[in-house]
Structures are given as C-alpha cells and as structure tokens.
Amino acid sequence: MDLGIANKVALVSGSSAGIGLATAARLAAEGVHVWLNGRSPDRLEEAAASIRSSVESAKVDTVAADLGTAAGCRSLCERLPEVDILVNNVGIFEPKAFGEINDDDWLKMFNVNVMSGVRLTRHYLPAMRSAGWGRVIFVSSESAVQIPEEMIHYGMTKTAQLAVARGVAETTGKTGVTVNSVLVGPTRSEGVGVFVEELAKEKGITVEQMEQEFFSTARPTSLLGRFIEVEEVAAMIGYLCSTAASATNGAALRVDGGVVRSIL
C-alpha cells in the first residue's frame, strides 16, 4: 500500500530499537527521510545501518539527544528545525510498588514520557500548520486506560499522553495537520524482553513459560494471547502518518491485542 508520504521528513524519537526502530523502518520503506533519535550515537548508527541493509535507497540520519531534558529537546530541534511527521515514541517504564515510587521517580517518568512529546510537538507544530500538512503521533499504551498496579507512575504518563494528543488536535482544525495517539498492548520490545527474561530467571522457568503465565495472570483479557510484534505496531503508526489517514484526528487507536475490554 502506497502511504503517499514519499520524500516527507520524519523524526521518530527513541528509535534505536523496538517500536521506534520498526516504525522508522516502515516509514523509510515508504520513501520517507527518517531521522532516528536516541541517547547513544553508536546504537543509533547500528540502527541506521540495519534500516539501510533492509530498505533499498533508504534515507536515514541520526541525532543523539536525551529527550528527558529540556536541553536535550532543544539541541535536537536546533539540529533538525522542521519535520513533516513526528512520532513521539521515546519512553521508559519501571515496575515499582506505589509506596516505593519517590518524587524523583515520578518526575523522571513524566519528563521522559510526557514532556519530551510536549516539547517536540510545541516546536514542530507551527511549521506543520503553516505548510498545511503534518502528522503527530503519540505512542501511548493500554496502561493509559488500565493503570497497572505494579507501575502506577508509568500508567499516569500514558494517560497524560492521550490528554495532550487530544488537546493539541483541537488546535489543528482545518489545517491539514493531524494529531493522534496509539494505545499499544504488551509488545515484544527490547525492554520487555529483558523484563520477561529476568522474571523467568527469578521464577526458575523458561521465557516461554513466563510469557504464558504473564497472559494468564497479568493480561488475561488479551485476545491475542501473545506479545505483539513491533512490526504490528509500526503498521498502525505508518497508516496514521499516511495521506489516507487525513480524516483521523484527535483519535486514540488501539494496537493492544484486545486487552482493553471496552468498545470505546
């Protein structure tokens, strides 16, 4: 399917691995000039090389910056002043009992997961509006509507992303710019893979058994019954970036494997 976005410029934050990298590869395959972001220049170069090896004539550049800080966001925007597509994907998570989450934990989670997208969107949106076309996507989570007991601070940031995305969408009427969010379910990303491996080791079982236990106990409502692959999430994000998605604005679309048991 031709998404109609060849030669557009996209920034995908947090794209040295996982959903971000898969999204960048999906956009590069559509002829988009993709900018990868992460904190490690070496990992970014490895990620860029992986895209170039799989996508013929891929246009890929990298910009290292810590988007959990205002200074990091500012340095990125100075390096890359304008984009047509912004995918706010960078994020962190940390299982932790509520009583053990201190103020610094709350602020760090909020700065990385929420303020990074706020700062980047605030910078790039005016030029999109002036150009009469643009796409902004916030990569949220099903944890936004089903706050996980084991990481309430993470769930809070994912809910905040939905509010920010919808609110910003309200400012884009009749401009050709859309702002949407994606509620992602349990996904086989790099961080989740390590998390599951550690849990399996603690319990003395295999990773496969740990995955089965996870969906039996932690996410029993999953209709998929397995971890979502990053490419499956990237397919939805790719569509939202497309010209075909012009009538989708202010929406929160689910790629959650059916975990959320509600119609709306």
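Table for the structure above
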| quantity | calculated |
| --- | --- |
| Listed pairs K96/K174; K158/K201; K59/K96 exceeding 32 Å between Cα atoms | K96/K174; K59/K96 |
| Long-range amide H partners of I92 with built H, under 5 Å | N113 |
| Between helix 70-79 and the chain: long-axis angle, C-alpha atoms, 0 to 90°, nearest 10 | 40 |
| From phi via Karplus (6.51, -1.76, 1.60), per-residue ³J(HN,Hα) for region 150-156 in Hz, x at Gly/Pro | 7, 7, 5, 5, 5, x, 4 |
| Residues with amide H under 5 Å from that of S141, placed H, sequence gap 5 or more | V184 |
| Whole-Å semi-axes of the ellipsoid equivalent to region 188-227 (Cα gyration tensor, √5λ, descending) | 17, 12, 7 |
| Length added when fully stretched, A235-R129, from 0.36 nm per residue minus Cα-Cα | 35.6 nm |
| Acute angle (nearest 10 degrees) that the helix 41-54 long axis makes with the longest principal axis of the chain, alpha-carbon atoms | 80 |
| Isotropic mean projected area of the C-alpha convex hull, the chain (nm²) | 14.1 |
| Neighbour-count order for W106, W133, W35, fewest beta carbons within 10 angstrom listed first | W106, W133, W35 |
| Helix 230-241 axis, angle to the chain major axis (alpha carbon atoms, nearest 10°) | 30 |
| Backbone N under 14 Å from the I101 label point (7 Å along Cα→Cβ), restricted to region 147-173 | 147-161 |
| Ranking of M151, M109 by count of other Cβ atoms within 10 Å, fewest first | M151, M109 |
| Electrostatic dipole magnitude of region 188-227 [Cβ: Lys, Arg +1; Asp, Glu -1; Cα centre; debye, to 20] | 140 |
| Per DSSP, loop chymotrypsin sites (Phe, Trp or Tyr not before Pro) in region 150-227 with at most 16 further Cβ within 10 Å | none |
| Neighbour cut-off at most 13 other Cβ (10 Å), DSSP loop, GluC sites (Glu not before Pro), region 169-234 | E170 |
| Cut-off of 10 Å, at most 12 other beta carbons, DSSP loop: longest stretch of the chain lacking such trypsin sites (Lys or Arg not before Pro) | 1-173 |
| Ranked L264, L80, L120, criterion: other C-beta atoms within 10 Å, fewest first | L264, L80, L120 |
| Listed residues P41, A17, C77: farthest to the positive end of the dipole of region 1-82 (Cβ charges) | C77 |
| Potential lengthening between E78 and N7 on full extension [0.36 nm per residue; Cα-Cα distance subtracted] | 23.4 nm |
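Every number in this text was worked out from the coordinates using simple rules, so none of it is lab data. Just so it is clear, the model here is predicted, and its values are computed rather than measured. Here the Cβ is made from the backbone with ideal geometry for all residues, glycine too, and neighbour counts use every protein chain on show.
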